[in-house]
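Values in this text are rule-based calculations from the coordinates and carry no lab data. Every value quoted in this text rests on a predicted model; they were computed, and no experiment measured them. For neighbour counting, all protein chains shown are included, and Cβ atoms are generated from backbone atoms with ideal geometry for every residue, glycine included.
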Amino acid sequence: MTLYNSPPAPLRKALSILDLAAMKQAGEKISCLTAYDASFSAVLDKVGIDVMLVGDSLGMVIQGAISTIPVTIEQIVYHCRCVTQAKHRAFVMADLPFLSYATPTMAIENAAKLMQLGGVQMVKIEGSHLETIRTLVKYGVPVCGHLGLLPQCINQLGSYQVRGREPLEADKIISDAQKLEQAGIGLLVLECVPASLAKKISLLLKIPVIGIGAGVDCDGQVLVLYDMLGISLGKRPRFSKNFMQGAESIEDAVARYQHQVKTGVFPSEEHSY
Ligand code: KIV
């Protein structure tokens, strides 16, 4: 299924954070998927996925762990290299894994590894760590925030449940999002929050908001690649969708995802809270 007549990936200019900001301004939805290796990176790039996230979800889908906690910075760097070597156009960001940004100094050292050895353009941090974010931004490191469900806090949370249903928690997520923007983040991932809350935050912030289980009104969408290809080890989360159903190939499934994100068909209410 050919949905877009775009030129071959090598002929397309690499996207920058400014291009993503311009997409929000123009009302164009941003497509994002996780990627962990060169072959999938090349497929996603060919289809025209705008952002690839080398997520610490690799601990669960690649390593078979029960959470993202065991993933180390060296492992993420390895996967970043695999992904960045095989892409031409997509913007690539990577997670700073559990406890790798416990102090601003650690965050600087580990962001340097992701950017210099892994070749990524941005690092993602879970939670509201304002001093760390200000320090990274001061030294030229683009940062993506991550609010709502924070998988690295699973041992405090106890379960992967929707966040921000109660007014107090919703207000805290809104105020954290605004503080993160003021601290200098360039993108925000909102995970597992009610669609109405994500819509409010997407309208409030100037920077693009990428949702996962956060409804259709975010500025873009991200899914874990293996979930949307129907090959996750565990139960697929309710907000995800198996795009392999009815697809002719992996490339076709990714193209269907790209099309449904760009046209606002995905996520439907069935895949939202
Ligand atoms: O690690 C990851 O894949 C993520 C997404 C769930 C946003 O952080």
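From the largest down, the stretch 1-124 spans 43, 30, 24 angstrom on the principal axes of its Cα atoms. Within a straight-line Cα-Cα reach of under 21 Å, K172 can be paired with the following lysines, leaving aside sequence neighbours fewer than 8 residues apart in one chain: K124, K199, K200, K206. For the chain, the membrane-span-like helices by this rule, meaning whole DSSP H stretches whose C-alpha atoms cover at least 15 Å of axis and whose Kyte-Doolittle mean is -0.5 or above, are 73-85; this says nothing about an actual membrane. Projected onto its three principal axes, the C-alpha set of the stretch 9-271 covers 47, 41, 39 Å, listed from the longest axis down. P(r) tail, the stretch 80-123: Cα-Cα pairs separated by more than 12 Å, 57% of all pairs. Residues considered: C32, C144, C82. Largest GNM mean-square fluctuation over the chain, using C-alpha springs under 10 Å, is found at C82. For the stretch 133-178 versus the stretch 51-87, the inter-centroid distance based on Cα atoms is 20 Å. Of the peptides 224-235, 19-30, the ranking by mean beta-carbon count within 10 Å, highest at the top, reads 224-235, 19-30.
For the options K13, K46, K179, a Gaussian network treatment of the chain with springs between C-alpha atoms closer than 10 Å singles out K13 as fluctuating the most. Please work out, to two decimal places, the log10 of the ratio I(q)/I(0) at q = 0.14, 0.18, 0.24 Å⁻¹ from a Debye calculation in which every Cα of the stretch 208-273 carries one identical scatterer. Summing over Cα pairs of the stretch 208-273 leads to -0.36, -0.61, -1.06. Ordering I154, I212 by the number of other Cβ atoms within 10 Å of each residue's own Cβ, fewest first, gives I154, I212. Could you tell me which of the pairs K24/K113; K46/K113; K13/K46 are separated by over 22 angstrom between their Cα atoms in the structure shown? Violating the 22 Å Cα-Cα cut-off are K24/K113; K46/K113.
Between Q85 and I69, the contour length at 0.36 nm per residue exceeds the alpha carbon distance by 3.2 nm. Largest GNM mean-square fluctuation among S16, S159, S39, using the chain with Cα springs under 10 Å: S159.
Place the peptides 214-223, 243-252 in order of packing, highest mean first, counting for every residue the other Cβ atoms within 10 Å and averaging per peptide. Walk me through the intermediate numbers first.
Numbers: 214-223: 24.5, 243-252: 15.0.
Top of the packing list down: 214-223, 243-252.
Taking other residues whose beta carbon is less than 13 angstrom from the beta carbon of A38, and scoring Lys, Arg as +1 and Asp, Glu as -1, yields +1.
Computed from the mean reciprocal separation of all distinct C-alpha pairs, what Kirkwood hydrodynamic radius does the stretch 133-231 have, in Å? Write out the running numbers ahead of the final one.
Numbers: mean 1/r = 0.0716 Å⁻¹.
Here the Kirkwood hydrodynamic radius works out to 14.0 Å.
Based on Cα contacts under 8 Å between residues 6+ apart, the chain shows a relative contact order of 18 percent.
In this simple spin-label approximation, K235 and S39 carry label points 7 Å from Cα along the Cα→Cβ vector, and these lie 3.0 nm apart.
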